[in-house]
Amino acid sequence: IVSPQASLTYAEAQLMMNDAGRKDPVTSSLRGLNSLAKILKQRCIQNGALTLASPEVRFHMDSETHDPIDLQTKELKETNSMVEEFMLLANVSVAERIVDEFLECALLRRHPAPPPSNYDILVKAAKSKNIEIQVDSAKALAESLDRAAVPGAPPYLNTLLRNLATRCMMQAIYFCSGMEPDTHHYGLATTIYTHFTSPIRRYFSVYIYTLVDTAIMNPLILPYFLAPSEQQQLCNNLNYRHKMAQYAQRSSVAFHTQLFFKSKGVVSEEGFVLFVRKNAVVVLIPKYGLEGMVFF
């Protein structure tokens, strides 16, 4: 039973935890949860979970014109990680429960391991800096990235390598347990996973709520009206819609980024070369999470 005591943003919760003078029950609970989350995260890392990097930008819009007036990369706080760990725990726990109840018609999310050739660009980039990246397993990759550092190189080098590693990954997909025997999630290093925690923005999570409710209240009725093949058709459509939503999001970010810089004139910022092509280089500007081609 959840008994809410406060409604807080990540920033508000972080300020409360950082204030050494606060001893109230809510703050004490936050600190306790954060300590537990760190244990959960360390356990995931030991199992081989990947910590990658992909810049996420936020726009501040003019209240009247709705044009972007500021562009920043999203700053992740300790509270972000705290909530993430408990969301992962909830998703794994729910996945285990629905598979126990509905072995053939549980909806899950799996992340296939990339073929070795996918890592060629990452291994080659790291080798140019005399860094060896092992890609035999997710755990080997995670440990290689943790060790990746070059004396005198910008601290952002490690983030760049993690950014490249993200591009090597396969797409995680929804599937029906009765149609696919492999349930492993490569990036999270879990044997089973689903999406339960975001019903306000994912139809899939709403569906999982239905499965959980049925598992608790009346587990005998569900198999009667859910065939694995029909479940898989639903998952295929959700995978397609998810991919289209990603394309739309990227296009929206690109469009609003163009609007933001349109009125700025010449802006000078530090950038890093990601790729070298025959007639261009691909440059990433960390401050804005902006990536683009520079032709020559």
Exercise for the section: Please report, in debye to the nearest 20, how large the charge dipole of the chain is about its Cα centre when each Lys and Arg carries +1 at its beta carbon and each Asp and Glu carries -1 there. Expected result: 720
Fill in the blank from the handout: Residues meeting the amide H criterion for Leu290 (H placed from the backbone, H to H distance under 5 Å, 5 or more places apart or on another chain) are Ile285
Practice task
Please tell me which of these pairs span more than 27 angstrom C-alpha to C-alpha: Lys264/Lys287; Lys127/Lys262; Lys41/Lys124?
Solution key: Lys127/Lys262; Lys41/Lys124
Problem - Whichever lysines have a C-alpha closer than 27 Å to that of Lys38, once near sequence neighbours (fewer than 8 apart) are set aside - result: Lys23, Lys74, Lys77, Lys139
Exercise for the section: Tell me what the chain gives for mean residue ellipticity at 222 nm when only DSSP H runs of n ≥ 4 count, each as -39,500 (n - 2.57), the sum divided by the residue total, rounded to 500 deg cm²/dmol. Expected result: -15500 deg cm²/dmol
Fill in the blank from the handout: Charge dipole of the chain built from unit charges on the beta carbon (Lys, Arg +1; Asp, Glu -1), centred at mean Cα; most positive-end Cα among Leu71, Cys235, Met87 is Leu71
Exercise for the section: For region 184-196, take each phi angle, set θ = phi - 60°, evaluate the Karplus expression 6.51 cos²θ - 1.76 cosθ + 1.60, and give the result in whole Hz per residue in order, putting x for glycine and proline. Expected result: 5, 10, 4, x, 8, 6, 10, 7, 7, 7, 8, 10, 10
Problem - Ascending count of other beta-carbon atoms within 10 Å, so fewest first, for Arg202, Arg58 - result: Arg58, Arg202
Fill in the blank from the handout: So the angle from the long Cα axis of helix 156-168 to the longest Cα principal axis of the chain, reported in degrees to the nearest 10, equals 50
Exercise for the section: List the GluC sites (Glu not before Pro) within region 6-82 that fall in a DSSP loop (any state other than H, G, I, E or B) and whose Cβ has at most 16 other Cβ atoms within 10 Å. Expected result: Glu56, Glu64, Glu75
Practice task
Taking H placed 1.01 Å from N in the peptide plane, check which residues at least 5 places from Cys105 or on another chain put their amide H under 5 Å from its amide H.
Solution key: Gly178
Exercise for the section: Could you line up Phe204, Phe86 from fewest to most neighbouring Cβ atoms inside 10 Å? Expected result: Phe86, Phe204
Exercise for the section: Over all alpha-carbon pairs of region 178-296, lay out the pair-distance distribution in 10 Å bins, whole %, shortest bin first. Expected result: 10, 25, 25, 18, 15, 7, 1
Practice task
Pull up all non-local amide H partners of Ile192: gap of 5 or more, or a different chain, and H-to-H distance under 5 Å with H placed in the peptide plane.
Solution key: His185
Practice task
May I ask for the net charge around His195, where only other residues with Cβ less than 12 Å from the Cβ of His195 are counted and Lys, Arg are +1 while Asp, Glu are -1?
Solution key: +4
Handout entry: Proxy reagent accessibility, fewest Cβ within 10 Å first, across Ile133, Ile45, Ile208, Ile216
Key = Ile216, Ile45, Ile133, Ile208
Problem - Answer label, with Rg and Dmax of the Cα atoms in Å calculated from the coordinates and candidates (1) 21.0, 74; (2) 18.5, 72; (3) 21.9, 66 - result: (3)
Exercise for the section: State the Cα centre-to-centre distance between region 224-296 and region 90-164 in whole Å. Expected result: 20
Problem - Angle between the chain longest axis and helix 78-101 axis [Cα atoms, degrees, rounded to 10] - result: 40
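Computed from the coordinates by the stated procedures, all read-outs in this text should not be read as laboratory data. Source: prediction; values computed, not measured. Reconstructed Cβ throughout: ideal geometry from the backbone, glycine too, with neighbour counts over all protein chains shown.
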